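Below: the structure, in structure tokens.
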Amino acid sequence: MTTPQTKIRSHTLPIVLTVEAPVLVHATGMGRAGLDSPTLRNARNEIVLPGTLVHGRVRAALAELDDLSPVSSEELDVWFGARDRKRHERAKAVVFDDLICVTAESTNPKDVGADEIVRIRMDEKSGAVRRGMLQVVEAPFPIGSKVTFEGTVRTAVADEDVDRVRTAIRAALRWNTQVGALRTLGFGRVVSAEVGEGARPSREGVPSIDTSALALRSRTAEDPDPAAVTVVLRFRQPLCVPARRLSNNLFESDAVLSGATLKGAIAAQWTAALGKDSACIQAGFDSDRPDLSAAFERLRVGTFVPVARQRPENWPDSRMQRPVALPLTLAAAGEGVFQDLRACPPGTVFDITKGGETFFAAPRFAPDWKEDDETAADLARGWLAPDRDLRVRTSIDHEQRRVNNAELFAYEHVLADEHLWIGEIGVNDADADETRKVLGDLKSLLGEAGLWWVGKTKASADMLWLNDRALDDHLPDRRVTDADTAWTVVLQTPALMLGPGLSETSDGTALHAACAAYWADVSGGALSLTRQWSRQRLWGGPYAAHSYQANVPYRPFLITEEGAVFCLEAAAGRESDARKCLRLWRRQGLPLTRALAGHYGLGEDHTGWWRGTPFVPENGYGAIHVDPALPKDMPVASPEDGVVAVSVDQGDKA
């Protein structure tokens, strides 16, 4: 077994599992009309056996085999996950990807059970069918036919343990008599299972990452960070990175990956690769990667956003660009017409002309947008959302062979089949030479293996490093010139800017004063705030309290959301200092201040602030655009006496 200080690597083993139809894994989404139990499919409409299901059956089988199992109880916990694993402990070393069905579905209507199977429940007293007790189960294959699923299992173990892991998985799969739902009725009988060298998958291997649809260009000295590297991630499994918990057992996933999520995955993978249980990454952590060890707290992993692999037919641009956050000053007037009201006084109204009629209407800002408004705004900012599905999981009582009470939970999954995740990685407070060395160490760590464990699903990602290339933003900003004295800053990612002096009773005046104090503090008085439009939310709860504020008074973090707009002016005689600040922030994000550190109990040493909050610029938070461009049909409005005239007639948008 792998012992501490034994270096481990990532290994991928093929799996070929053959079962006898019928086989069913319930989908949580709707099937066709009249179907009660549709089978689970991925975004490509392929029937799948979820990796979590296979993992659960394997672990249960090895526990049942006990002394006959080829692994010890300690190895079972290390490789396949402890039942009571604590946070920050090493993740399970064996992760199963979804197994894809490679057997063609039947198209012959005469095949028995090749379309659906009908089940009923009888009333024992009357001998008739119970009212409402009719279940229609999808059955894509003839009963008794052989159905083959293919996939992979990823292992993060020492080289000498790979064969033992393979043997254990193969034995466990063969120990199972059935997989999937309705096993007690004979569904999903296992015919054969092969892992590793004995498996002969029919599906082609993973192709190289195709970037032909992306609007890539050469990186130049005018980029915010010319020394940074663009990284492309291609995930092989659905993603679940909880954005919020909707209830005790329902997690909603975010499609955007924060730098905190990815940097945490890198740290966990690095620690495991060295055979260490846990450690603080600092100078001397890895003798083979001294520059990365010394600068890890300054490593800036930006936010990674999903970009479609292929350009949709109705897409307005020839190639896919990086989505951006639109300013919160945008207001909708209906029929896909927007105006930016940053130059308008409070109480501005629209004078709308439609169909020859004119009437006044209040502008609708983002919180009040309807589906048509959101669709038009997403198109304008270059956002094409990945598909999602909901997977329900449960814990099994293996002695009673039934579901444990109150152990049902659901993860929303972001389907990664049609998207790439793209972002930048750089080093804060470093010159080009140090950045090159640090990124060289990082590439040596991740270049071939990719990322191992991301999010709740422990998704793996292939990585493509584009050292001298950058992806264009869908709406570009502009660089800070020596002639500038005033700027409009739009947040592209959430930022920790506020907290001191604010409470639930604070009004708009207090909020403006707090924002003004932040900009004056962070710029050393070189910048003053003239106007601002922002939206805040609280981030906290048990996770934040235990993970970040265990030793300080609990205070939920007051986060300013992306899209916030701040109009800034340089103080008289401080124009050069103001430009220097904006260039630095455009490169590496908005910094935290000493006032924020004191309020949230982060300590005096700014290099350790990441221990007290995830919302540091090195995690991609506080990214900004300076004077960003707007779409042609979303201009900055010029009001007359608080009125903006617009036309919503089709083909005549103001």
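Rounded to the nearest 20 Debye, what is the dipole magnitude of region 103-180 about its Cα centre when Lys and Arg each give +1 and Asp and Glu each give -1 at the C-beta?
Values: 12 positive and 12 negative charges, 85 e Å.
So the magnitude is around 400 debye.
Packing-wise, with mean Cβ within 10 Å as the measure, how do 173-179, 353-359, 51-57, 231-237 rank, highest first?
Per-residue Cβ counts within 10 Å, averaged per peptide and sorted highest first, yield 231-237, 51-57, 173-179, 353-359.
Quote to one decimal, in nm, the extra length available between Asp159 and Asp254 on full extension: 0.36 nm per residue of separation minus the C-alpha distance between them.
Details: separation 95, 0.36 × 95 = 34.20 nm, distance 3.49 nm.
Once the chain is fully extended between Asp159 and Asp254, it gains 30.7 nm.
Compute, for the chain, the length of the dipole vector about the Cα centre, with Cβ point charges of +1 (Lys, Arg) and -1 (Asp, Glu) only. Units Debye, rounded to 20. List each step's numbers first, then the result.
Working: 76 positive and 90 negative charges, 313 e Å.
The dipole of the chain has a size of about 1500 debye.
Can you list the lysines whose alpha carbon is less than 26 Å from that of Lys146, not counting same-chain residues fewer than 8 positions off?
Lys110
Going by Cα centres, region 416-493 and region 102-172 are how many Å apart?
42 Å
Go through Leu13, Leu65, Val137 and say which Cα lies farthest out towards the positive end of the charge dipole of region 9-198; charges sit on Cβ, +1 for Lys and Arg, -1 for Asp and Glu.
Positive-end residue among those listed: Val137.
Among (i) 1.16; (ii) 1.08; (iii) 2.34, which one is Cα Rg over 2.2 N^0.38 Å computed from these coordinates?
Checking each listed value against the structure points to (ii).
Select from Leu76, Leu35, Gly355 the residue farthest towards the positive end of the dipole of the chain; place +1 on Cβ of Lys and Arg, -1 on Cβ of Asp and Glu, and compute about the Cα centre.
Checked the options; the winner is Leu76.
For Asp482, Asp97, Asp472, what ranking results if the residue with the fewest other Cβ atoms within 10 Å of its Cβ goes first? Intermediate values should be presented prior to the final figure.
Details: Asp482 7, Asp97 23, Asp472 16.
Ordered from fewest to most neighbouring Cβ atoms within 10 Å, Asp482, Asp97, Asp472 come out as Asp482, Asp472, Asp97.
What is the sum of charges around His413, taking Lys and Arg as +1, Asp and Glu as -1, for the other residues whose C-beta is under 14 Å from the C-beta of His413?
Summing Lys/Arg as +1 and Asp/Glu as -1 gives -2.
Which order do peptides 66-78, 8-20, 604-616 fall in by mean Cβ count within 10 Å, highest first? Before the final figure, lay out each step's value.
Numbers: 66-78: 14.7, 8-20: 19.5, 604-616: 17.7.
Highest mean packing first, the order is 8-20, 604-616, 66-78.
Give the cross-link partners of Lys7 among the lysines, using a straight C-alpha distance below 19 Å as the criterion and excluding same-chain residues fewer than 8 apart.
Lys92, Lys276, Lys443
So what is the relative contact order for the chain, in percent, with contacts set as C-alpha pairs under 8 Å and at least six apart?
Values: 1340 pairs, mean separation 112.1, N = 654.
Contact order relative to length: 17 percent.
In region 9-198, if the dipole is taken from +1 on Lys/Arg beta carbons and -1 on Asp/Glu beta carbons about the Cα centre, which of Gly127, Phe96, Thr177 is farthest to the positive end?
My answer, from the dipole projection, is Gly127.
For Lys370, go through the lysines and keep the ones whose alpha-carbon is under 30 Å away, minus same-chain ones fewer than eight residues off.
Within the straight-line limit of under 30 Å, Lys370 reaches these lysines: Lys354, Lys632, Lys653.
Compute the normalised compactness of region 486-626: alpha-carbon radius of gyration over 2.2 N^0.38 Å, N being the residue count. Write out the running numbers ahead of the final one.
Numbers: Rg = 14.7 Å, N = 141, 2.2 N^0.38 = 14.4 Å.
Working it through for region 486-626, the quotient is 1.02.
Throughout, read-outs are computed from the coordinates displayed, never taken from laboratory work. Everything numeric in this text was worked out from a predicted model, so none of it was measured. Counting neighbours? That spans all protein chains shown, and the Cβs are built from the backbone with ideal geometry, glycine included.
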